[in-house]
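**Q** This is the structure, below, for whatever I ask next.
Derivation of every value follows stated rules applied to the coordinates shown; laboratory data play no part. Predicted model only: the values in this text are computed from it and were never measured. Quick reminder, even Gly has a Cβ in these numbers, built from the backbone with ideal geometry, and neighbours come from all protein chains shown.
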Amino acid sequence: MTETFLEEQLLGLSPRRKVMVGAVLVLGGGVASAVLWGMGWLVGATIFAFVMGVALVLSGSGELARIRAQDAEVEKARLEWSELERGAGDALRHGRSVVRFLQERGYREFAVRRWIVAELGIDARRGHLEFEAAGAPFSADQLRKLFERLDEVSGKGYECDHQFTLTRRFLEEQRMPTAASLRWLGEHGAGCDCEVIFNVEQQWGNRVGFEPRR
Ligand SMILES: [Zn+2]
């Protein structure tokens with residue numbers, strides 16, 4: 001077993017174990033090098049153990065401190081969750097950075113900020129806001145349903161006739177404004193049913209919460 005291999009194994013331990021093993025190495029290495037002082041290479045080995053022990057204690061306690069800091073921030077987030085929701089919503093509406101808002105509120109841990117953003121569904125909400133800003137004559141929900149309909153029939157072997165046959169039928173069924181809707185779809189790259197999926201879905205699918213069938 002080479003020294004580097006041993007080091008890698010020791011550094012892969014959980015933080016608490018690192019501190020424990022490190023403390024044992026510091027004590028054992030320290031005592032052994034005092035007893036064996038002057039006995040050549042044996043002392044070298046005990047000094048190595050001592051140094052390794054110090055490194056483990058430092059690394060382990062650093063990681064423990066990090067974990068404690070993250071736990072504290074998660075706890076704080078749970079306590080002020082409704083304020084975070086409101087603040088993040090405001091930031092999104094005014095085009096400000098949600099991450100900066102969280103930093104200003106004292107969230108210093110990257111992992112915690114990422115967790116909060118995911119829990120708040122920020123990506124989904126940003127997508128909805130962008131969709132609203134694009135001024136479509138229908139809702140995000142309606143567009144998602146159109147994608148779902150077209151996706152479903154294309155899975156059943158529907159071949160596009162390069163017109164808006166199915167789209168038009170869907171719009172009429174849903175009592176959506178046909179001419180204005182087709183114009184919006186056209187402005188976003190669709191000239192027919194299959195292009196609604198190929199071009200419009202590519203841009204907007206994610207943002208209106210559409211998930212293609214596998
Ligand atoms: Zn087509």
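**Q** Under a 10 Å cutoff between Cα atoms, tell me which one of Leu129, Leu58, Leu36 has the largest fluctuation in the Gaussian network model of the chain.
**A** Judging by the Gaussian network model, the answer is Leu36.
**Q** Now, a different point. Any cysteines in the chain with zero other Cys Cβ atoms under 4.7 Å from their Cβ? List them, or say none.
**A** Within the chain, the cysteines lacking a partner Cβ under 4.7 Å are Cys192.
**Q** Ranking Trp115, Trp37, Trp204, Trp81 by Cβ neighbours within 10 Å, fewest first, what do you get?
**A** On the way: Trp115 16, Trp37 10, Trp204 23, Trp81 13.
The fewest-first ordering by Cβ neighbours comes to Trp37, Trp81, Trp115, Trp204.
**Q** Scan the range 107-175 for trypsin sites (Lys or Arg not before Pro) in coil per DSSP, keeping those whose Cβ has at most 10 other Cβ atoms within 10 Å, and list them by number.
**A** Within the range 107-175, the qualifying trypsin sites (Lys or Arg not before Pro) (loop, at most 10 other Cβ atoms within 10 Å) are Lys156, Arg175.
**Q** What distance in nm separates the two pseudo spin-label positions at Thr178 and Arg16, each 7 Å out from Cα along the beta-carbon direction?
**A** It works out to 6.8 nm between the two label points.
**Q** Now for a different question. Per 0.36 nm of contour for each residue apart, how much would the distance between Ala124 and Ala72 grow if the chain were fully extended, relative to their Cα-Cα spacing?
**A** Values: separation 52, 0.36 × 52 = 18.72 nm, distance 2.69 nm.
So the extension gain works out to 16.0 nm.
**Q** Add -39500 (n - 2.57) for each DSSP H run of 4 or more in the chain, then divide by its residues: what number comes out at 222 nm, to the nearest 500 deg cm²/dmol? Let's see the in-between values first.
**A** Values: 10 runs with 147 residues, N = 214.
When only DSSP H runs of four or more count, the value is -22500 deg cm²/dmol.
**Q** Using a 10 angstrom cutoff on alpha carbons, build the Gaussian network for the chain and name the most mobile of Glu201, Glu119, Glu109.
**A** The residue that fluctuates most here is Glu119.
**Q** Once you order the gyration tensor axes a ≥ b ≥ c over the Cα atoms, which shape class does the range 137-208 get: rounded for a/c under 1.5, otherwise prolate or oblate by comparing a/b with b/c? Don't jump to the answer; show the numbers that get you there.
**A** Details: a/c = 1.29, a/b = 1.17, b/c = 1.10.
Note, shape of the range 137-208 comes out rounded.
**Q** When the convex hull of the Cα atoms of the range 3-60 is projected onto a plane and the area is averaged over all directions, what value comes out in nm²? Before the final figure, lay out the partial values.
**A** Numbers: hull surface 13.9 nm².
Dividing the Cα hull surface by four gives the mean projection, 3.5 nm².
**Q** Within a Cβ distance under 15 Å of Asp193, other residues only, what is the Lys/Arg minus Asp/Glu net charge?
**A** Details: positive: Lys145, Arg149, Lys156, Arg168, Arg169; negative: Glu148, Asp151, Glu152, Glu159, Asp161, Glu172, Glu173, Glu195, Glu201.
Charge balance in the 15 Å sphere: -4.
**Q** Stretch Trp81-Ile47 to full length: gain in nm at 0.36 nm per residue minus the Cα-Cα span?
**A** Extra length available between Trp81 and Ile47 comes to 7.2 nm.
**Q** Could you work out which residue, out of Leu143, Leu11, Leu120, moves most in a Gaussian network model of the chain, that is, has the largest mean-square fluctuation with Cα springs under 10 Å?
**A** Leu11
**Q** If you don't mind, there's one more thing I want to ask. For Lys145, which aspartates and glutamates qualify as cross-link partners when the Cα separation must be under 13 Å and same-chain residues fewer than eight apart are set aside?
**A** Cross-link targets: Glu173, Glu201, Glu211.
**Q** Computed from the mean reciprocal separation of all distinct C-alpha pairs, what Kirkwood hydrodynamic radius does the chain have, in Å?
**A** On the way: mean 1/r = 0.0442 Å⁻¹.
22.6 Å is the Kirkwood radius here.
**Q** On a full-extension model of 0.36 nm per residue, what is the gain between Val24 and Arg169, subtracting their alpha-carbon distance, rounded to one decimal in nm? Intermediate values should be presented prior to the final figure.
**A** Working: separation 145, 0.36 × 145 = 52.20 nm, distance 7.56 nm.
Length difference between fully extended and current span is 44.6 nm.
**Q** Just tell me which lysines come within less than 26 Å, Cα to Cα, of Lys18; anything on the same chain fewer than 8 places away is out.
**A** Result set, ordered by chain and number: empty.
**Q** For the pair Met39/Glu63, report the inter-label distance in nm, with labels modelled 7 Å from Cα in the Cβ direction.
**A** About 3.2 nm, to one decimal.
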